[in-house]
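The values are calculated or read from the model by the stated rules, or taken from the named source; none is laboratory data. The structure displayed is predicted, hence computed values, not measured ones. With ideal geometry, Cβ positions are generated from the backbone for all residues, glycine too; neighbour counts draw on all protein chains shown. SASA here: full protein model, heavy atoms, side chains in, ligands and nucleic acids out. Shrake-Rupley method; radii C 1.70, N 1.55, O 1.52, S 1.80 Å.
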Amino acid sequence: MAAAEPGAAPRSLSVHNFSEKLAEQTVHFHLLSMKESFFLWVGSAPTLSNLAVAMCTRFDPMPVSTLVLGDASDTTPNSVAQRLAKKTGKQVFISYNLPSTNTNLSLQVENRIKQEMVTHPDKF
């Protein structure tokens, strides 16, 4: 992104995409960053099978989370959202569209997200 001109209002939205081959499949990450929150879509095919949200509160050290859309028996979206909210201090929306039965893939996905946060902290 180009630098804002002097006196211009700061941008309120930014988009960042990245992909990685994990567990023999290409996983795509689509990040929509807002002022105090971000939406992260993770998947290998264009689908929105679930949506979880998590945020920090002053009442509990662990962020609260809820599944807005999808199968409530799949706890992966909530867990990932909670960990990202705790790490960033922001409200996190995540759509995790990969098989949650593959724990190795889930671990690789989270590690790839953390790597991107280190490489491009301004995108989160």
How many nm separate the modelled label positions at L69 and T57, each set 7 Å beyond the Cα in the direction of the Cβ?
2.4 nm
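Placing unit charges on C-beta atoms (Lys and Arg positive, Asp and Glu negative, everything else neutral), compute the dipole magnitude of the chain about its Cα centre in debye, rounded to 20. Kindly include the intermediate steps, with their values, before the conclusion.
Numbers: 11 positive and 10 negative charges, 60 e Å.
With Lys and Arg at +1 and Asp and Glu at -1, about 280 debye.
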Can you pull the semi-axes for the chain, root of five times each eigenvalue of the Cα gyration tensor, sorted largest first, whole Å?
24, 19, 13
Antiparallel DSSP beta bridges within the range 8-124, percent to nearest 5:
75 percent
Over the chain, with every protein chain in place, what whole percent of the accessible area is carbon and sulfur at 1.4 Å, could you tell me?
55 percent
Give me the orientation-averaged projected area of the Cα convex hull of the range 44-86, in nm², one decimal.
3.3 nm²
Modelled label-to-label distance, L32 and S12, 7 Å Cα→beta-carbon offset: nm?
1.4 nm
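Tell me the per residue accessible area of the range 16-124 using a 1.4 Å probe; a whole number in Å² is fine. Show your work: numbers first, answer last.
Numbers: 5920 Å² over 109 residues.
Solvent-accessible surface per residue comes out at 54 Å².
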Given charges at Cβ of Lys, Arg, Asp, Glu: the chain dipole, positive-most of V27, S100, S12
S12
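Rounded to the nearest 20 Debye, what is the dipole magnitude of the range 18-76 about its Cα centre when Lys and Arg each give +1 and Asp and Glu each give -1 at the C-beta? Don't skip to the end; give the middle numbers.
Working: 3 positive and 6 negative charges, 43 e Å.
Dipole magnitude for the range 18-76 comes out near 200 debye.
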Count charges around S100 for me, please; just the other residues with Cβ under 13 Å from its Cβ, Lys/Arg as +1, Asp/Glu as -1.
-3
Lysines near K90 by alpha-carbon distance under 22 Å, same-chain residues fewer than 8 away left out - which ones?
K35, K114, K123
